[in-house]
Ligand SMILES: [Zn+2]
């Protein structure tokens, strides 16, 4: 069996996991996240088309690993997604979750039971376990304290498992082969995904999404305004000093700088829009419209930018 994983699916798992376990969060507060895979089986192969984040563990300072419960709302998400998939000729092909900072395996606390329930619904179902630290540091965490940490090379940070016996929740399990699509090679993948992790850490926080994006848009608008008023002042000064022959060149340079700033901001805003694909399914209805509204303030400013710039061309 080989599991085919598109780049976007890999990014979804990484984003959802890193959102709750990154350098901006104290290690003791890192949380596990989990979700499902939609796709199809062809022969013995598993083609994943989408990964959906479903839930994160609630913070409990005394929690042992994998102490989490899927809520009724989470089970509703699951059945909605499964039904939607069915209309496209697809179905639920497995589940995934994170082990932030600890070993990638199926734990006896609940992972075996969950995997069993997926394998009994779909005999080819898989379970993926991802540890962001394994990816970032390229190390395999030890089985028990004191064992050596094993160095890795170009490892995506996860393993995929299946139970040997899908009728027994104490069953041993084995690893399954996979193929991640969308990268030139393994080294390229690790480079790209590490950059992605930095962006997620900075711009996809677990809380305060609205505040983060509001602050970002406000700062960008402020900076754009000051670039425009700075240009106007500069041009006025040239007029006053009788250097109006320099105006066309200066205006062109300033315009170029402003357009560059607008282009950079556009990319960041597109990134934020993309991050909305990495929200938990139950968050989408409430968060996405509000984020769109926040980001639209930038678009409104860009609409008047062209008017402002052409006004300068006429005025000077
Ligand atoms: Zn687990």
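Coordinate-derived values only; no laboratory data. Remember, predicted model here, so these are calculated numbers, not experimental data. A quick note on method: Cβ atoms are made from the backbone with ideal geometry, for glycine too, and the neighbour counts reach across all protein chains shown.
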Taking a crude spin-label model, label points 7 Å out from Cα along the C-beta direction, the residue 229 to residue 303 distance in nm is 2.3 nm
Rounded to the nearest 0.05, FRET efficiency between residue 284 and residue 40 (Cβ-Cβ, R0 22 Å) equals 0.40
Rounded to two decimals, the Debye log10 I(q)/I(0) of the chain (Cα scatterers, no solvent) at q = 0.07 Å⁻¹ is -0.38
In degrees rounded to 10, the 0-90 angle between helix 284-315 Cα long axis and the longest Cα principal axis of the chain is 20 degrees
P(r) over all Cα-Cα pairs of the range 74-177, 5 Å bins from 0 to the longest distance, whole percent per bin, short to long, reads 2, 12, 19, 20, 17, 15, 8, 4, 1, 0, 0
Between the modelled labels at residue 198 and residue 271 (7 Å from Cα along Cα→Cβ) the distance in nm is 0.9 nm
Shape descriptor, the range 51-90: equivalent ellipsoid semi-axes (Cα gyration tensor, sqrt 5λ, whole Å, largest first) stand at 28, 9, 6
With R₀ set to 45 angstrom, the calculated FRET efficiency between the beta-carbons of residue 263 and residue 113, to the nearest 0.05, is 0.35
In Å, the Kirkwood estimate of hydrodynamic radius for the range 209-315 over Cα pairs equals 15.7 Å
Relative contact order of the range 1-89 (C-alpha contacts under 8 Å, at least 6 apart) in percent is 28 percent
With the convex hull built on the alpha-carbon atoms of the range 68-123, volume per residue in Å³ sits at 102 Å³
Percent antiparallel among DSSP beta bridges confined to the chain, nearest 5, equals 70 percent
For the pair residue 292 and residue 250, the simple spin-label estimate (label points 7 Å beyond Cα toward Cβ) gives in nm 4.4 nm
Packing-ranked peptide list from 73-81, 5-13, highest mean Cβ count within 10 angstrom first, is 5-13, 73-81
Mean separation of Cα contacts under 8 Å (at least 6 apart) over the residue count of the chain, i.e. the relative contact order in percent, is 18 percent
Residue separation between residue 164 and residue 177 times 0.36 nm, minus their alpha-carbon distance, gives in nm 3.2 nm
Once normalised by the length of the range 209-315, the mean sequence separation of its alpha carbon contacts under 8 Å that are 6 or more apart gives a contact order in percent of 46 percent
Taking N as the residue count of the range 138-252, its alpha carbon Rg divided by 2.2 N^0.38 Å gives 2.07
For the range 1-129 the translational diffusion coefficient, Stokes-Einstein from a Kirkwood Rh over Cα pairs at 25 °C and viscosity 0.890 mPa s, in µm²/s, is roughly 162 µm²/s
So for R0 = 30 Å, FRET eff. of residue 64-residue 122 from the Cβ-Cβ r, to 0.05, ends up at 0.55
